[in-house]
Amino acid sequence: MAHVNSTGRGGCALGLRIYERIHRASQAELAALSNASSCDISDVARGRGVVEGGIRGLYSPMGRIFGSAITVDLTPGDGLLLRAAISVAKPGDVIVANAHGETSRAVLGGVIAMHMVKRGVAGLVVDGVVRDVGEFRQLGLPVMARGFTPRSGSTTSGFGEVNVPVACGGAVVCPGDIVIGDAEGLVVVPRLWAGEVARAIGAAGHPEFAPETITRRLKELAPDTPVLGMDSVYKAVAERNGVIIDGAFDDVPGPSADRSDHR
């Protein structure tokens, strides 16, 4: 990428900065998380880093998103600086774009997506919308966004910053953080937490149930088996002076049950 040394009008580059390099998690840390589901990550991180459900896969079936985050903060609905993010991405990276939830203009379409595929980008996440969903499907590029629209939003007047901390669906994403997106949703693991999260998942032993395992467990589960976690319910009721009533709500006489003397 050509380098421009000017700091802009008034000597301040804020709002239009492109950092070409990021710090990534180690290959060992990435490998340790490569098969973890978004649910596994959420469980061991106690919900930290989960992106709200309005940002979801745009087509189905869709490949899994996994990789180090190349972040870009955009002028709402304007995808100009997305080009710069793609230009500095390395194979296996995931582009995470904060389009500030703008849903009236698409920040990216199929033509630019071709560059992502050629550069080995592993996926795209947009807090906003894209267009050309059929082309994304044909390219096999996993995309999670708030939706799609035919209206293009890229202009030559857009601002933005590449590889700075950004907001995305209620989560903070820093350059180099690990992004995991699957059919359940999207979660972000801070780069400096990668080893700790991987060890926690290993200790928890979260298996992904194969279809045959689910079939077997369902067959073995008796209908009257206590629902998992009911011990905690009974404990909570006892500790908080709650009650469990063997009856229906409207079996209990209320203040207006007898109106015979109030004509």
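The values are calculated or read from the model by the stated rules, or taken from the named source; none is laboratory data. Everything numeric here is computed off the predicted structure, so don't read it as measured data. Quick reminder, even Gly has a Cβ in these numbers, built from the backbone with ideal geometry, and neighbours come from all protein chains shown.
Of everything in segment 163-203 that is among the charged types (D, E, K, R) and surrounded by fewer than 23 Cβ atoms within 10 Å (Cβ to Cβ), the residue that is farthest from Ile95 (Cα to Cα) is Arg199.
Lys118 meets each of the listed conditions (1) closer than 17 Å to Tyr59 by Cα; (2) without any contact (Cβ under 8 Å) to a residue 24 or more places away in the chain apart from (1). For segment 179-198, the count of residues that are without any contact (Cβ under 8 Å) to a residue 12 or more places away in the chain and not in a helix (DSSP H, G or I) is zero. Residues of segment 22-49 being assigned to a loop (DSSP other than H, G, I, E, B), on the phi < 0 side of the Ramachandran plot and either crowded, with 18+ Cβ neighbours inside 10 Å or out of contact with any Pro (no Cβ under 8 Å at 6 or more places or on another chain) (or both), which ones? Of everything in segment 22-49, those that are assigned to a loop (DSSP other than H, G, I, E, B), on the phi < 0 side of the Ramachandran plot and either crowded, with 18+ Cβ neighbours inside 10 Å or out of contact with any Pro (no Cβ under 8 Å at 6 or more places or on another chain) (or both) turn out to be Ile22, Arg24, Ala25, Ser26, Ser34, Asn35, Ala36, Ser37, Ala45, Arg48. In segment 123-162, of all residues being assigned to a strand (DSSP E or B) and of a type in the set (D, E, K, R), the one that is surrounded by the most Cβ atoms within 10 Å (Cβ to Cβ) corresponds to Asp127. Of the residues in segment 205-218, at least one is surrounded by fewer than 16 Cβ atoms within 10 Å (Cβ to Cβ), out of contact with any Pro (no Cβ under 9 Å at 6 or more places or on another chain) and under 21 Å from Gly57 (Cα atoms).
Among the numbered criteria (1) outside any strand (DSSP E or B); (2) at pLDDT below 95; (3) touching a strand residue (DSSP E or B) at 6+ places or on another chain (Cβ under 8 Å), which one does His100 miss? Going through the list (1) outside any strand (DSSP E or B); (2) at pLDDT below 95; (3) touching a strand residue (DSSP E or B) at 6+ places or on another chain (Cβ under 8 Å), His100 breaks only (2). Residues of segment 50-76 that are among the charged types (D, E, K, R) and either surrounded by 21 or more Cβ atoms within 10 Å (Cβ to Cβ) or without any contact (Cβ under 8 Å) to a residue 24 or more places away in the chain (or both): Asp73 alone.
Could you check, for segment 39-49, whether at least one of its residues is within 17 Å of Val187 (Cβ to Cβ) and among the hydroxyl-bearing types (Ser, Thr, Tyr)? Yes, the conditions are met somewhere in segment 39-49. Selection within segment 106-121: residues that are surrounded by 22 or more Cβ atoms within 10 Å (Cβ to Cβ) and touching a Pro at 6+ places or on another chain (Cβ under 8 Å). The member of this set that is nearest to Asp177 (Cα to Cα) is Val121. Checking Pro91, Pro61, Pro76 one by one, the residue that is in a loop (DSSP other than H, G, I, E, B), modelled with pLDDT of 95 or more and more than 13 Å from the chain's Cα centre (by Cα) is Pro91 and no other.
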